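*Asks:* The structure follows.
The values are calculated or read from the model by the stated rules, or taken from the named source; none is laboratory data. All values derive from a computational prediction rather than experimental measurement. Every residue, glycine among them, receives a Cβ derived from its backbone with ideal geometry; neighbour counts consider all protein chains shown. Just so you know, the surface numbers come from the protein's heavy atoms only, side chains and all, with ligands and any DNA or RNA stripped out. Shrake-Rupley method; radii C 1.70, N 1.55, O 1.52, S 1.80 Å.
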Amino acid sequence: MSRHRYSVEVAGSNDSERMSQNRRGWAFRTQVHLISDAYDLASFRKGRIALRPLEQEELGDVRGRSLLHLQCHFGMDTLSWARLGAHVTGADFSEEAIAAARSLAEELDIDARFVCANLYDLPDVLEGEFDIVVTTYGVLSWLPDLYGWARVVAHFLQPGGTFCIVEIHPNWGFLDEVGGELRITDSMFRSEPWETETIETYTDGPLMPAHIEYSWPWTVGGMVTALAAAGLHIERLRELPLDVRQRVPGMVKSDDGYWHLPGDPMPLMVTCVATKPG
């Protein structure tokens, strides 16, 4: 078995230590992703925009606007926003990913700034406010404190600024396909993190060294409540029956390039746009 997931409460452990362990896993992932067909750096180097339609639809024209990309990995999406005319800053907690992002920006002569920091520590190392703060695809499950995350978002938004998240729906944390049927495998209302032993990432490429990682459950209601508690105004919230990849065998790919479950029975993605009162 490449993955073994189970509940954990480790004596003497805390969320900061768990995030440090995750950072080690993202160092392994970065090495794999840089050479994977899924990320396809070769076509990106030739000018491809790596963004998907969802986040572009939600944010619209970014030309001339300052943009902070949280949990930016090795920067392909950040640099894509720059290609669309934004003045970009990317932030991630992985030193390896940020080093790759800086190298890619220099190689392609794209004006971009990249900062390495744990998300919760970012206000201590990055100054300024931004017209846009954005984060996308598989980000919230790596964070133990949504209220703290939302305060960081609000901290970096200038008055009148826009926040956008496009995220994998948290339903996937509690479902799996068994015998061709989707089944509930855990409670959506659990509070403790999962501990997972893994050698695989979500792309093609070589296996990683076996390591432990942690992920935290979250809900759409919890996300929206955290953003509202941080003083942001929710402009719109969308739950969508589509996904960017095939998570279970029963999913099918449609002409729009997204993956669906037959009959669209449940939301697979969620988007939220919020503003900071000015």
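*Asks:* With springs only between Cα atoms under 10 Å, which of Phe189, Phe74, Phe93 fluctuates most in a Gaussian network model of the chain?
*Replies:* Ranking Phe189, Phe74, Phe93 by mean-square fluctuation puts Phe189 first.
*Asks:* Could I ask something else about it? Put Cys116, Cys72 in order of accessible area, largest first, 1.4 Å probe: what do you get?
*Replies:* Putting Cys116, Cys72 in descending order of accessible area: Cys116, Cys72.
*Asks:* Each residue of the range 122-129 in order: what ³J(HN,Hα) in whole Hz does its phi give by Karplus 6.51 cos²θ - 1.76 cosθ + 1.60, θ = phi - 60°, with x for Gly and Pro?
*Replies:* 4, x, 7, 10, 10, 9, x, 10
*Asks:* While we're on this one: Restricting attention to the alpha-carbon atoms of the chain, what are Rg (one decimal) and Dmax (integer), both in Å?
*Replies:* According to the Cα coordinates of the chain, Rg and Dmax are 18.3, 52 Å.
*Asks:* Residues of the range 235-250 with backbone nitrogen within less than 14 Å of a virtual label 7 Å along the Cα-to-Cβ line of Leu182, please, listed as ranges.
*Replies:* From the range 235-250, the list is 239-250.
*Asks:* Sticking with this structure for a sec: Classify the range 206-278 as rounded, prolate or oblate from the Cα gyration tensor: take a ≥ b ≥ c as the square roots of its eigenvalues, call it rounded if a/c is under 1.5, otherwise prolate when a/b beats b/c and oblate if not.
*Replies:* Cα axes put the range 206-278 in the oblate bin.
*Asks:* What stretch of the chain, leaving out the sites themselves, is the longest with no GluC sites (Glu not before Pro) in a DSSP loop having at most 15 other Cβ atoms within 10 Å?
*Replies:* 10-126
*Asks:* Still on this structure: Can you tell me the accessible area per residue over the range 133-272, all protein chains present, probe 1.4 angstrom, in square angstrom?
*Replies:* 43
*Asks:* What distance in nm separates the two pseudo spin-label positions at Glu192 and His155, each 7 Å out from Cα along the beta-carbon direction?
*Replies:* 3.0
*Asks:* Expressed in nm to one decimal, what extension gain is obtained for the pair Arg83 and Val115 from 0.36 nm per residue of sequence separation less their Cα-Cα distance?
*Replies:* Length gained between Arg83 and Val115: 9.6 nm.
*Asks:* Same structure again: Which whole-angstrom value gives the distance between the alpha carbon centres of the range 137-204 and the range 205-223?
*Replies:* The range 137-204 and the range 205-223 have Cα centres spaced 8 Å from each other.
*Asks:* Which value, in Å² and to the nearest 10, is the accessible area of His155 when all protein chains are kept and the probe is 1.4 Å?
*Replies:* Roll a 1.4 Å probe over it and His155 shows about 90 Å².
*Asks:* With the convex hull built on the Cα atoms of the range 142-263, state its orientation-averaged projected area in nm².
*Replies:* Value for the range 142-263: 10.0 nm².
*Asks:* Any chance you could check the Cα centroid distance between the range 22-83 and the range 97-125 for me, in angstrom?
*Replies:* With the range 22-83 and the range 97-125 each reduced to a Cα centre, they are spaced 12 Å.
*Asks:* Label the range 96-208 by shape, choosing from rounded, prolate and oblate, from the square roots a ≥ b ≥ c of the eigenvalues of the Cα gyration tensor; if a/c is under 1.5 it is rounded, and otherwise prolate applies when a/b is larger than b/c, oblate when it is not.
*Replies:* Oblate shape, in that a/c is at least 1.5 and b/c is the bigger or equal ratio.
*Asks:* Whole-Hz Karplus ³J(HN,Hα) for the range 243-256, in order, using 6.51 cos²θ - 1.76 cosθ + 1.60 and θ = phi - 60°, x for Gly and Pro?
*Replies:* After applying 6.51 cos²θ - 1.76 cosθ + 1.60, I find 9, 8, 8, 7, 9, 9, x, x, 6, 10, 9, 9, 5, 7 Hz.
*Asks:* Of Gly90, Gly128, Ile165, whose Cα points farthest to the positive end of the dipole of the range 89-165 (charges on the beta-carbon: +1 Lys, Arg; -1 Asp, Glu; origin at the Cα centre)?
*Replies:* Ile165
*Asks:* Follow-up question, since we're still on this one. Report Thr201's accessible area, 1.4 Å probe, all protein chains in place, as a number in Å² to the nearest 10.
*Replies:* Accessible area of Thr201: about 30 Å².
*Asks:* Moving on to the next point. Note down the magnitude of the dipole of the chain about its Cα centre, charges +1 on Lys and Arg C-beta and -1 on Asp and Glu C-beta and zero elsewhere, to the nearest 20 debye.
*Replies:* 260
*Asks:* Right, another one. Order 218-224, 59-65 from most to least packed using the mean count of other Cβ atoms within 10 Å.
*Replies:* 218-224, 59-65
*Asks:* Summarise the accessible area of the chain (1.4 Å probe, protein heavy atoms) by the percent that is carbon and sulfur.
*Replies:* 49
*Asks:* Let me ask another. Tally Lys and Arg at +1 and Asp and Glu at -1 over the other residues with C-beta under 14 Å from the C-beta of Met251: what net charge comes out?
*Replies:* For residues surrounding Met251, the net value is -3.
*Asks:* OK, next. Please give the length that would be gained between Asp61 and Tyr147 if that part of the chain were fully extended, namely 0.36 nm times their separation in residues minus their C-alpha to C-alpha distance (nm, one decimal).
*Replies:* Roughly 28.1 nm would be gained on extension.
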